[in-house]
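Heads up, the thing below is written out as structure tokens.
The values are calculated or read from the model by the stated rules, or taken from the named source; none is laboratory data. Computed from a predicted model, the values in this text were never measured in an experiment. No Cβ is skipped: glycine too gets one built from the backbone with ideal geometry, and neighbour counts run over all protein chains shown. Surface areas here come from the heavy atoms of the whole protein model, side chains and all, with no ligands, DNA or RNA. Shrake-Rupley method; radii C 1.70, N 1.55, O 1.52, S 1.80 Å.
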Amino acid sequence: MRRAGLWTGVFLVALVILAALVSLVWTPYNPLQVQPSQTLRPAGWPHLLGTDGFGIDILSRLLVGARTTVYVGVVAVSLAALGGVPLGILAGMLGGWVSQVVLRVTDILYAFPALLLAILLAAAVGASTTTAMVAIGIASIPAFARVARAATLIVMTQDYILAARASGTSRWTTSVRHVLPNIAAVLGVQASVSFGIAILAEAALSYLGLATPHPHPPWGRMLHDAQTYIFSAPVQALWPGLAIALSVLGLNLLGDGLRDHLDPRLREAA
Amino acid sequence: MNRSGGDGTTPLLQVTDLRIEFGRSRREVVHGISFSLEPGERLGLIGESGSGKTVTALAVMGLLAENASVTGSIRLAGRELVGLGDKDLAPLRGALMSMVFQEPMTALDPTMPVGRQVAEVLLLHQHLPRGAARGRVVDVLGEVGLEDPERVADAYPHALSGGQRQRVVVAMALINRPDLVICDEPTTALDVTVQARVLKLLDAELDAVGASCLFISHDLAVVSQLCERVLVMLDGAIVEQGSVAQVFTAPTHPYTRGLVATARLDAVAPGERLPTVEDYYARQDRT
């Protein structure tokens, strides 16, 4: 029944991506339109999930928020992969002092939580989505570097790497043509796990007001806004919380499912 | 410098006092071995696991791990290889010298159709348009006895049998018509019938290309089928060398005598205990 987890993950992730795509062409209400006459409506008709303190339709806000979530996640994970994977492969292929330097640098990066890094960056260059993405991306580099290195070490013991080198393939070409495709599966798993972490970090940052300023409120910002009405309209906070929790859950299930699906032995590798 | 057989020709491969050490402790695993290989000759290198035969082969290819240190001399067609960097060695690998690996299950990249892998070896050393490369790859796959080479070229390794894969590996090693082919136990992982067919193929293809061959094996029978001369390696040293006939019929070193005796099971009377190498050559420090 492990596949059940994988498919639940696929379903939840697909739902978030679908929400983001739908929000590009259609939302039930204008997610920016303040309606003072419609504030704090409970869930029902015509506002399916109710309205917030400004009278904005919560479902519409959620849909638009998914856009930010997906965008931040994709950019942050790409950034982390672009930084971490080459470092990891380099360390895995060359070994020796190169490996030691890469490992120590990732250790140092590990010491900075994404949130702390984001707060530092926000203080230096100002809070924005870009700041959040860059901070989350940088903070995720060590995970990618380590997973890539571990997987590369295993691939390097295979005869086809030796065979490629014995055919006169240079180190560089070998790494791109033979190492990367063979560790891609493990990297995919890491990407989905990192994506989940990125969503959580982004939500925390926007909750603290360190990520996306209005007018494209992400889910974390919705939580922040709902906090004001926690006693008068507690259900309001439920929706963005649920959205965050379910999308992170989905990505983790997807990552775990993929890992089991691809190769049970990869557990040790990663 | 050349210590060839006295007939005045330059040996293709001349290895002199080759020593290989590993790691910080500089543990020596190959203790100053010397041998030479004439153009077109096939030389068998026999020894048990850990005797240093694969390490010797990798030293010739320049593919030892970073923590290995190689001293002595390895000359390929008069050119010194010891001390050459990767940049200088890479153009030689696959073109002048190539290697057939032991385990056909792992010698091919699982993420790539085999045709592309063979084409990669070709394109690394020859500038050909893609279409021409494809044609040449299919030709070579046909030459190594693969049926329907067009289909095989597009297949991933997991879709091929062990024998088919080893034929692909042989095609990769021979496509650039190298002068020296190092075969590292190329048939050990195959079952006996496939083994015989792959040996026959190697025999024919080496002749067709005119390549010399350093054939590594632990199996005397296999070596005697393919090689003219044989080296016996034990614990990082060459203990015996000579023609196959000579080593087979009149082995001088007790270890070789043990090997020959264990290979001749037909000489054992029914009901008698089978001979072991230890009957002839007892070693103290066995782990």
Quiz item: Residue check: is A:A166 closer than 30 Å to A:A66 by Cβ and of a type in the set (A, V, I, L, M, F, W, C)?
Solution: no
Practice problem: Say whether the condition of being within 30 Å of B:L64 (Cα to Cα) and either surrounded by fewer than 22 Cβ atoms within 10 Å (Cβ to Cβ) or more than 10 Å from every other protein chain (Cβ to nearest Cβ) (or both) is met by at least one residue in region A:186-203. | Solution: yes
Exercise. Among residues belonging to region A:149-173 that are open to solvent by 50 Å² or more (accessible area, probe 1.4 Å) and more than 7 Å from chain B (Cβ to nearest Cβ), point out the one that is nearest to B:V121 (Cα to Cα).
Key: A:W172
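Okay, residues lined up against (1) in a loop (DSSP other than H, G, I, E, B); (2) among the polar types (S, T, N, Q); (3) not assigned by TED's automatic domain parsing to the domain that holds B:L58:
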residue: B:L141; (1), (2), (3): no, no, no
residue: B:L146; (1), (2), (3): yes, no, no
residue: B:Q166; (1), (2), (3): no, yes, no
residue: B:N176; (1), (2), (3): yes, yes, no
residue: B:I182; (1), (2), (3): no, no, no
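Being more than 15 Å from the chain's Cα centre (by Cα), outside the structural domain of B:T54 (by TED's automatic domain parsing) and crowded, with 17+ Cβ neighbours inside 10 Å is the requirement here; does B:L259 meet it?
Numbers: more than 15 Å from the chain's Cα centre (by Cα): yes; outside the structural domain of B:T54 (by TED's automatic domain parsing): yes; crowded, with 17+ Cβ neighbours inside 10 Å: yes.
Answer is yes for this residue.
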Quiz prompt | Members of region B:58-86 that are among the polar types (S, T, N, Q) and either in contact with a Lys or Arg (Cβ under 8 Å, 6 or more places away or on another chain) or in a loop (DSSP other than H, G, I, E, B) (or both) | solution = B:N67, B:S69, B:T71
Practice problem: Return only the number of the condition from (1) open to solvent by 70 Å² or more (accessible area, probe 1.4 Å); (2) over 21 Å from the mean Cα position of the chain (by Cα); (3) more than 30 Å from B:G163 (Cβ to Cβ) that B:R264 does not satisfy. | Solution: (3)
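May I ask you to say which residue of A:G257, A:G220 is within 21 Å of A:T39 (Cα to Cα), open to solvent by less than 20 Å² (accessible area, probe 1.4 Å) and either modelled with pLDDT of 85 or more or not aliphatic (A, V, I, L, M) (or both)? Outline the logic, then answer.
Details: A:G257 fails: within 21 Å of A:T39 (Cα to Cα).
Every option except A:G220 fails the conditions.
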Quiz item: What do you reckon, is B:A59 in the same structural domain as B:Q246 (by TED's automatic domain parsing), buried (at least 21 other Cβ atoms within 10 Å of the Cβ), of a type outside the set (D, E, K, R) and closer than 26 Å to A:G92 by Cα?
Solution: yes
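Which residue is farthest from the other protein chains (Cβ to nearest Cβ), if the candidates are limited to region B:87-114 and must be assigned to a helix (DSSP H, G or I) and surrounded by fewer than 23 Cβ atoms within 10 Å (Cβ to Cβ)? Working first, answer last.
Residues of region B:87-114 that are assigned to a helix (DSSP H, G or I), as a first pass: B:87-89, B:114.
Keeping just the survivors that are surrounded by fewer than 23 Cβ atoms within 10 Å (Cβ to Cβ) gives B:87-89.
Numbers: B:K87: 8, B:D88: 11, B:L89: 8 Å.
Looking at the filtered set, the residue picked out is B:D88.
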Self-check item: Residues within region B:38-51 that are at pLDDT 90 or above and either more than 23 Å from B:V239 (Cα to Cα) or open to solvent by 10 Å² or more (accessible area, probe 1.4 Å) (or both), tallied
Solution: 5
Quiz item: Within the group B:A77, B:A59, which residue is within 14 Å of chain A (Cβ to nearest Cβ) and either touching a residue at least 24 places away in the same chain (Cβ under 8 Å) or among the polar types (S, T, N, Q) (or both)?
Solution: B:A59
Exercise. Identify all residues within region B:63-74 that are open to solvent by less than 30 Å² (accessible area, probe 1.4 Å) and either within 15 Å of the chain's Cα centre (by Cα) or facing chain A (nearest Cβ under 8 Å) (or both); write none if there are none.
Key: B:L63
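With region B:198-250 as the region, which strands (runs of 3 or more DSSP E) entirely inside it contain at least 3 residues that are open to solvent by 10 Å² or more (accessible area, probe 1.4 Å)? Before the answer, list the steps.
Values: elements: B:212-217, B:229-234, B:237-243.
Result: B:237-243.
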Quiz item: Can you pull out the residues in region A:50-66 that are over 16 Å from A:P36 (Cα atoms) and of a type in the set (A, V, I, L, M, F, W, C)?
Solution: A:L59, A:L62, A:L63, A:V64, A:A66
Exercise. Collect the residues in region A:170-196 that are in contact (Cβ under 8 Å) with a residue 24 or more places away in the chain and among the hydrophobic types (A, V, I, L, M, F, W, C), keeping them in residue-number order.
Key: A:V179, A:L180, A:I183, A:A185, A:V186, A:L187, A:V189, A:A191, A:V193, A:F195
Quiz item: In region A:89-96, is there at least one residue being more than 29 Å from B:P157 (Cα to Cα), within 14 Å of chain B (Cβ to nearest Cβ) and at pLDDT below 90?
Solution: yes
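A:V176 - would you say it is in a helix (DSSP H, G or I), farther than 18 Å from A:L251 by Cβ and either within 14 Å of another protein chain (Cβ to nearest Cβ) or open to solvent by 40 Å² or more (accessible area, probe 1.4 Å) (or both)?
Details: in a helix (DSSP H, G or I): yes; farther than 18 Å from A:L251 by Cβ: yes; either within 14 Å of another protein chain (Cβ to nearest Cβ) or open to solvent by 40 Å² or more (accessible area, probe 1.4 Å) (or both): yes.
It is true that A:V176 is in a helix (DSSP H, G or I), farther than 18 Å from A:L251 by Cβ and either within 14 Å of another protein chain (Cβ to nearest Cβ) or open to solvent by 40 Å² or more (accessible area, probe 1.4 Å) (or both).
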Quiz item: List, please: which pairs have Cβ atoms under 9 Å, are six or more places apart or on different chains, and start with a residue in region A:39-64 that is at pLDDT 80 or above and end with one that is acidic (D, E) and part of a loop (DSSP other than H, G, I, E, B)?
Solution: A:I58/A:D52; A:R61/A:D52
Self-check item: Scope region B:115-126; condition more than 7 Å from chain A (Cβ to nearest Cβ) and open to solvent by 60 Å² or more (accessible area, probe 1.4 Å); matching residues
Solution: B:R116, B:Q126
